[in-house]
Amino acid sequence: MVVIGEKFPEVEVNTTFGKIKLPEHFAKEGKWFVLFSHPADFTPVCTTEFYGMQKRAEEFRKLGVEPIGLSVDQVFSHLKWAEWIKETLREEISFPIIADDRGDLAEALGMIPSGSTQTARAVFVVDDKGTIRAIIYYPAEVGRDWDEVIRLVKALKTSDEKGVALPHKWPNNELIGDRGIVPPAGTVEQIKEREEAKAKGEIECYDWWFCHKKLK
């Protein structure tokens, strides 16, 4: 089972858009991707999730992130389900869905819970270097919140760009709003640097180990 910080396994998968090599397919275009698994096609909760993801697909793409789905159903099932969503719910699925009917990728990523033959609701956020940056798991009976995944992606990209950590509910944190958390001091010298930066108005601090700053 992979963990955060590891490289996404190099695989070729069969999808509703044809064969795709991961993570190469997205990395070569400088894109991140969000791979999300679902227990089965033609199930109510999964249908709400695919509808919700499609509604937000362009928002993900504006962040340089491509969605890609997965389950252990065969590709013809994915194609028929996508067709049903288009005809019934008036949303055309614009992202590929992996047909992992042998379960090889799902097993490698730890998507199949103990005692089950179906994939859990897993989410893997993978950056443009093919590195796994975040992993989220939900049980079959609870649907995911794609707005939270969008927030997560924005936070990861902001953290990379600004060299900060992001707080609870960022950018709407109860204590520091949309500000970023300065990495805690690890030496006596860094404590002095934090105090000096605070005195200059460059950062604000509750204490030397909890300092924050504007990101714009």
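The values are calculated or read from the model by the stated rules, or taken from the named source; none is laboratory data. Owing to the predicted nature of the structure, the values given are computational and were not obtained by experimental measurement. Backbone-built Cβ (ideal geometry, glycine too); neighbour counts: all protein chains shown. Protein only, heavy atoms only, side chains kept; ligands, DNA and RNA dropped before computing areas. Shrake-Rupley method; radii C 1.70, N 1.55, O 1.52, S 1.80 Å.
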*asked:* Rounded, prolate or oblate, given the Cα gyration tensor of region 101-156, with a/c below 1.5 counting as rounded?
replied: oblate
*Pop out the carbon and sulfur fraction of the accessible area of the chain as a percent, whole number, probe 1.4 Å.*
52
*Based solely on C-alpha atoms, express the radius of gyration and the Dmax of region 1-159 in angstrom.*
14.4, 41
*If you stretched the chain out fully between Glu10 and Glu87, how much longer would it get, using 0.36 nm times the residue separation minus the C-alpha to C-alpha distance?*
24.2 nm
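Take the residue pairs Lys21/Lys55; Lys19/Lys80; Lys129/Lys162; Lys28/Lys80 and return only those whose Cα atoms are more than 23 Å apart.
Numbers: Lys21/Lys55 25 Å; Lys19/Lys80 18 Å; Lys129/Lys162 18 Å; Lys28/Lys80 30 Å.
From Lys21/Lys55; Lys19/Lys80; Lys129/Lys162; Lys28/Lys80, over 23 Å: Lys21/Lys55; Lys28/Lys80.
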*Rounded to the nearest 5, what is the percent of antiparallel bridges among the DSSP beta bridges in the chain?*
70
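Within region 24-65, which trypsin sites (Lys or Arg not before Pro) sit in a loop by DSSP and count at most 14 neighbouring Cβ atoms inside 10 Å?
Details: sites: Lys28, Lys31, Lys55, Arg56, Arg61, Lys62; in loops: Lys28, Lys31.
Sites meeting the loop and neighbour criteria: Lys28.
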*Just add up the charged neighbours of Trp208: K/R +1, D/E -1, any other residue whose Cβ is under 10 Å from the Cβ of Trp208.*
0
*Between Asn173 and Ile136, what length comes free when the chain is fully extended (0.36 nm per residue of separation minus the Cα-Cα distance, one decimal in nm)?*
11.2 nm
*asked:* For the chain, set up a GNM with springs between Cα atoms under 10 Å and report which of Ile136, Ile68, Ile93 has the largest fluctuation.
replied: Ile136
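Just subtract the alpha-carbon distance of Thr187 and Val2 from 0.36 nm times their residue separation and send over the number in nm, one decimal.
Numbers: separation 185, 0.36 × 185 = 66.60 nm, distance 3.29 nm.
Residue separation times 0.36 nm, minus the Cα-Cα distance, leaves 63.3 nm.
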*Arrange the peptides 32-38, 84-90, 143-149 so that the one whose residues have, on average, the most other Cβ atoms within 10 Å appears first.*
32-38, 143-149, 84-90
*Local electrostatic count at Gly177 - Lys and Arg +1, Asp and Glu -1, tallied over other residues with Cβ under 13 Å*: +2
*Over the heavy atoms of Thr48, what accessible area does a 1.4 Å probe trace out, to the nearest 10 Å²?*
90
*So which trypsin sites (Lys or Arg not before Pro) in region 159-212 end up in coil per DSSP with only 13 or fewer other C-beta atoms within 10 Å?*
Lys169, Lys200
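State, to one decimal in nm², a quarter of the convex hull surface area for the C-alpha atoms of region 17-69, i.e. the direction-averaged projected area.
Values: hull surface 16.2 nm².
If you wrap the Cα atoms of region 17-69 in a convex hull and average its projections, you get 4.1 nm².
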_Estimated distance in nm for a label pair at Glu195 and Asp160, the labels positioned 7 Å out from Cα along Cα-to-Cβ_ = 3.7
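Per residue, how much accessible area does region 1-62 have with a 1.4 Å probe, in Å²?
52
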*Hey, with R₀ at 30 Å, roughly what FRET efficiency would Asp207 and Arg151 work out to, going by the Cβ-Cβ distance, to 0.05?*
0.65
*Distance between Cα centroids, region 90-144 to region 160-216: provide it in whole Å.*
35
*asked:* Counting only other residues whose beta carbon sits under 14 Å from that of Val72, what net charge do I get with K and R as +1, D and E as -1?
replied: -4
*asked:* Can you tell me what percent of all Cα-Cα pairs in region 66-216 are more than 24 Å apart?
replied: 52
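Just to confirm, what accessible area per residue do you get for region 153-213 at 1.4 Å probe, in whole Å²? Kindly include the intermediate steps, with their values, before the conclusion.
Values: 3870 Å² over 61 residues.
Counting only protein heavy atoms, the per-residue value for region 153-213 is 64 Å².
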